[in-house]
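Please read the structure below before turning to the comments.
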Amino acid sequence: MASKDSKNTAPKDTKGLTAKKSDDPSEWYTQVLQKAELIDYGPVSGCYILRPAAYSIWEKVQQYFDQLLKADGVKNVYFPLLIPESLLSKEEKHVAGFAPEVAWVETGGHTKLPERLAIRPTSETIMYEAYARWIRSYKDLPLRLNQWCNVVRWEFKHPVPFLRSREFLWQEGHTCFASMDEAVRETEKILDWYVQVFRELYALPVLAGRKSEAEKFAGAEYTLSVEAFLPNGKAVQGATSHHLGQHFSKAQNIMFTDEKQQQQYVWQNSWGISTRSIGVMVLMHGDDRGLVLPPRIAEKQAVIVPIYFDDSKKKVLQEAAKVRDALAKAGVRVHYDDREEYSPGWKFNEWEIKGVPLRIEIGPKDLAKKQAMVARRDTGEKKAVLLAKLKEDVPQLLEKIQQDLYAKAEKHLHDSIAHVTSRKEAEKALEQKKLLYGPWCGMTDCEEEFKGKTTAKSLNSPLQQPKMKDEKCFLCGQKASRWFYFGKSY
């Protein structure tokens, strides 16, 4: 997807999209983000303004995931944004992996600093320096901390809002355990929670599994991930859970005295989900009319649009206000659009672009029948609902929309998976914008050669593997070691 990283590239009005999702997905995506008022462009390339509609989505993710963490004993902290270069350099593989992405501060005011300071690309090194001071005994373990913060990564030339932004928001959990088994169990638990976030909030199915050696996090023993597959034929990594083994604890000297009074290095994990997930949701559910929001993450779940003439204005507005109050009491996040300077048709178009799940129309003819017309954003279906039943029917309909969006996305994922046993089959499936699933040898050289010719790479490998029966690698013909997903990716 090409970048539209300029303040003046996308139209500012909300009169409708001029690009179709299937014809020009890049321009469509840019217009949706601007016209649905999710983002605006900041003065620095790749650094975007999250407007209230977008930030409210992130807040719902925060609230949902934070409850899971706290119920499991994880505590929130905050560590500094600036990391001394000497501290960042303690773990060689980690530094090598992030070197192209680091933005540096070299002066303070007009004074050159004695040591460069990295603007946080991730917080392993600065947090673990403190962990080495805090952990002394097995009684100090497990130590499980999380922070909600921003990070900066500068490794690419063509930023895309949400998907590849230079500054983004995320949570990063960093945990220490006395045993490897405890750490391994947590990586899979967190992975399950990320699956849950995408399913329950974003109405998105994801592939959960283990990354290849080439694609794992720098400095990790292994990386688990969730991957989404989009209608444009590209996959995108949604969240990751890394088992760090003892690589960082040995580099940072994080040790504890065990029950036998022996000194041991801790076993560590790190894991995170970011605002990239918002972009994944937009690309999956949006259509040619604009944004389509799953009700659970929508800032506004329903909008009431009164339709009236001079002789019916007072009565319609009074009834619309009653409906608003009843729905609010029923727990619906409802908005009452009584602006007089815009026509009902203009409002319909605006709320469609912004993806509000339900539109409720109330006019004089509806009042005569004691009903309202309710329109679904996802399907366009419109039906009459008695006013007295709105407080019951609207919450049920919102839940139906949530489930239907997931079912549609799940069908897309299922229909997109191509089971391949040869390179020829793989290349043909990629031309058809499919997701590859096949037996693979697991060798980095094999993956890199295929990526160089097709731009497709390994995504992840299911934790629960089908039994191998002397399968050959679908790329090189050597003995396969695991079943893996491959695809073109952001």
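Each value in this text was obtained by applying a stated rule to the coordinates, not by laboratory testing. Nothing here was measured: the structure is a model prediction, and the numbers come from that model. Here the Cβ positions follow ideal geometry from the backbone for every residue, glycine too, while neighbour counts run over all protein chains shown.
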(request) Please go through the residue pairs 211/408; 139/260; 70/250; 70/90; 322/408; 189/433 and name each one whose alpha carbons sit more than 23 Å apart in this structure. (result) 211/408; 70/250; 70/90; 322/408; 189/433
(request) Would you compute, from DSSP H runs of 4+ residues alone, the mean residue ellipticity of the chain at 222 nm, taking -39500 (n - 2.57) per run and dividing by the full residue count, rounded to the nearest 500? (result) -10500 deg cm²/dmol
(request) Quick one: what are the phi-derived ³J(HN,Hα) couplings along the stretch 434-445, Karplus 6.51/-1.76/1.60 with θ = phi - 60°, whole Hz, x for glycine and proline? (result) 9, 9, 8, 9, x, x, 9, 6, x, 7, 4, 4
(message) Along the charge dipole of the stretch 370-490, pointing to its positive end and built from +1/-1 on Cβ of Lys, Arg, Asp and Glu, which listed residue (398, 388, 485) has its Cα farthest out?
(response) 388
(request) Using R₀ = 35 Å, calculate the FRET efficiency as 1/(1 + (r/R₀)^6) where r is the Cβ-Cβ separation of residue 140 and residue 481; round to 0.05. (result) 0.35
(message) Run the numbers for residue 289 and residue 333: contour at 0.36 nm per residue of separation, minus the present Cα-Cα distance, in nm.
(response) 13.6 nm
(message) Multiplying the sequence separation of residue 314 and residue 148 by 0.36 nm and subtracting their Cα-Cα distance, what value in nm do you get?
(response) 55.0 nm
(message) Full-extension gain between residue 79 and residue 412, please, as 0.36 nm times their residue separation minus the C-alpha to C-alpha distance.
(response) 115.8 nm
(request) Rank-order 358-366, 326-334, 100-108 by packing density, defined as the average count of other C-beta atoms within 10 Å over each peptide's residues, highest first. (result) 358-366, 326-334, 100-108
(request) Quick one: pull the percentage of alpha-carbon pairs in the stretch 300-397 with a separation above 23 Å. (result) 15
(message) Distance between the C-alpha centers of the stretch 419-451 and the stretch 69-83? Whole Å please.
(response) 39
(request) Mind listing the long-range amide H neighbours of residue 224? Cut-off is under 5 Å, sequence gap 5 or more, other chains count too, H placed in the peptide plane at 1.01 Å from N. (result) 211, 241, 242, 243
(request) Rounded to whole Hz and in sequence order, give me ³J(HN,Hα) for the stretch 161-172 from the Karplus expression 6.51 cos²θ - 1.76 cosθ + 1.60, θ = phi - 60°, writing x for Gly and Pro. (result) x, 6, 6, 9, 9, 6, 10, 8, 9, 7, 10, 10
(message) Using only the alpha-carbon atoms, how far is helix 52-71 inclined from the longest principal axis of the chain? Give it as 0 to 90 degrees, nearest 10.
(response) 50
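If you take every residue apart from residue 152 with its C-beta less than 12 Å away from the C-beta of residue 152, what net charge results, scoring Lys and Arg +1 and Asp and Glu -1?
Spelling it out: positives minus negatives among the neighbours equals 0.
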(request) Rounded to whole Å and sorted largest first, list the principal axis extents of the Cα atoms in the stretch 173-309. (result) 83, 31, 21
(request) Kindly write out, for the stretch 327-336 in residue order, the coupling ³J(HN,Hα) from the Karplus curve 6.51 cos²θ - 1.76 cosθ + 1.60 (θ = phi - 60°), rounded to whole Hz, with x marking Gly and Pro. (result) 5, 4, 5, 7, x, 8, 7, 10, 10, 9
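What is the magnitude of the charge dipole of the chain about its Cα centre, with +1 placed on the Cβ of each Lys and Arg, -1 on the Cβ of each Asp and Glu, and no other charges, expressed in debye to the nearest 20? Show your work: numbers first, answer last.
On the way: 74 positive and 66 negative charges, 192 e Å.
The dipole magnitude comes to about 920 debye.
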(request) Among 302, 476, 236, pick out the residue whose Cα is farthest towards the positive end of the charge dipole of the chain, where Lys and Arg carry +1 and Asp and Glu carry -1 on C-beta, about the Cα centre. (result) 302
(message) Compute the distance from the alpha-carbon center of the stretch 277-310 to that of the stretch 178-251, in whole Å.
(response) 30
